[in-house]
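In what follows, a structure is listed as structure tokens, so that the remarks can point back to it.
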Amino acid sequence: MKIKDLSLEELFTSGHTACPGCGGAIVARIAMKVFGKNTCAYFPANCLLVFGGTYPYNAFKVPYLHVLFENSAVCAAGISRALKKLGRDAKTVAFAGDGGTADIGMQSLSGAAERNEDIIYICYDNEAYMNTGIQRSGSTPFGAWTTTTPVGKKIAGKEVFKKDVPRIMMAHDVPYVATASIGYPNDFLNKLEKARDMKGFRYLHVFAPCPTGWRYDPAKTVEIGKLAVECGMWTLYECENGVFRITKKPKLSPVTDYIKLQGRFRHMTEEQVDTLQGWVTEKWEKISGETKG
Ligand SMILES: Cc1ncc(C[n+]2csc(CCOP(=O)(O)OP(=O)(O)O)c2C)c(N)n1
Ligand code: SF4
């Protein structure tokens with residue numbers, strides 16, 4: 001199926017309070033169209049919960065629950081088991097930000113994956129703790145300004161590299177791990193459909209640009225979601241029952257094409273840009289090596 005063929009019915013409706021151009025809102029909208037009404041949604045604290053799940057602005061037309069930051073995967077797993085006991089065939093989906101996934105929720109995520117709980121876990125990655133004011137997370141890229149990786153005399157943005165959470169999830173040998181970007185909605189849609197129709201633990205990590213935290217024109221969200229993939233900062237792949245496949249080969253255009261549009265990278269020196277470019281090249285060599293077995 002293609003995005004244009006999706007149902008017109010919205011299960012994540014308009015009227016929510018996300019910033020214009022929010023990548024996370026696009027993730028929720030597409031995912032809910034694919035999963036359908038027979039779904040329960042779980043959120044730890046994050047932007048999506050605040051803009052889509054607080055009364056009276058609730059945008060979800062399915063049962064949803066706000067759970068603690070640390071335990072969205074395990075709460076979703078508990079409900080999935082309870083629904084099975086009741087003989088109900090509903091899907092359970094957790095939506096968490098990168099802070100709630102790469103850092104604070106990692107232990108319960110890892111536990112649920114290791115037990116192969118029957119849930120879908122979606123991380124929408126806006127590369128920082130946005131809801132509380134743009135603090136760096138394990139998923140923030142090298143060089144990026146955030147309020148906790150400021151640009152000053154001692155440091156100039158984040159000094160370490162982005163944590164590779166999808167690879168950590170692959171190491172759990174779960175049935176399905178995939179990366180996606182809102183810049184490639186049909187690729188995202190195919191992966192959502194696959195995750196929906198499988199059983200066991202399914203993990204999707206979706207690149208979700210944030211104009212407010214990344215400091216760019218909100219009209220450019222989709223363009224930035226594409227450029228990240230084209231330059232290799234973000235790679236689209238899936239690992240289905242242990243079989244790894246790249247779903248979009250990047251052009252490997254220079255990272256400057258991507259970073260120049262965003263204020264969070266504006267301060268970067270030539271040396272920092274070279275370091276980031278080197279990380280991309282090395283990452284791509286490693287990832288493309290996986291397909292060669
Ligand atoms: C245990 C705990 N620590 C901190 C907070 C405060 N807090 C609420 S939302 C949030 C940021 C969430 O960041 P992320 O998961 O990346 O989602 P985003 O807001 O970027 O969508 C933080 C730190 C909390 N609610 N619970
Ligand atoms: S701060 Fe970023 S992630 Fe949060 S609602 Fe605004 S655009 Fe979306």
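Read-outs throughout are calculated quantities, based only on the coordinates presented, and are distinct from any laboratory measurement. Small disclaimer: the values here were computed from a predicted structure and weren't measured. Please note: Cβ atoms are built from the backbone with ideal geometry, for glycine as well, and neighbour counts cover all protein chains shown.
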(Q) Please list, ordered by chain and number, the residues whose modelled amide H lies under 5 Å from the amide H of residue 149; skip anything fewer than 5 residues away on the same chain. (A) 136
Q. Can you sort 258, 184 by how many other beta carbons sit within 10 Å, fewest first?
A. 184, 258
Q: Taking each pair of different alpha-carbon atoms in the range 144-293 once, compute 1/r for the pair, average those values, and report the inverse of that mean as the Kirkwood hydrodynamic radius in Å to one decimal.
A: 16.4
**Q.** Set of lysines with alpha-carbon distance to residue 154 below 21 Å, sequence-local pairs under 8 removed
**A.** 162
Q. Can you list residues whose amide H is under 5 Å from residue 236's amide H, if they're 5+ apart or on another chain and H is modeled 1.01 Å from N?
A. 247, 248
Q) Fewest first, what order do 215, 136 take by the number of other Cβ atoms within 10 Å? A) 215, 136
Q. If one computes P(r) from the Cα atoms of the range 3-291, what percent of pairs lie at distances over 25 Å?
A. 43
Q. Hey, what's the Kirkwood Rh for the range 1-85 if you take every pair of different alpha carbons, in angstrom?
A. 13.7
Q: Would you mind ranking 173, 118 by Cβ crowding within 10 Å, fewest neighbours first?
A: 173, 118
Q | Relative contact order of the chain, pairs being alpha-carbon contacts under 8 Å that are 6 or more residues apart, as % | A | 17
Q.
Need the list of lysines near residue 37 for cross-linking: C-alpha distance under 27 angstrom, and skip anything on the same chain fewer than eight residues off.
A. 2, 4, 61, 84, 85, 91, 191, 194, 199
Q: Name the shape class, rounded, prolate or oblate, that the alpha-carbon gyration tensor gives for the range 15-55, where a ≥ b ≥ c are the square roots of its eigenvalues, rounded holds for a/c under 1.5, and otherwise prolate holds if a/b is larger than b/c and oblate otherwise.
A: oblate
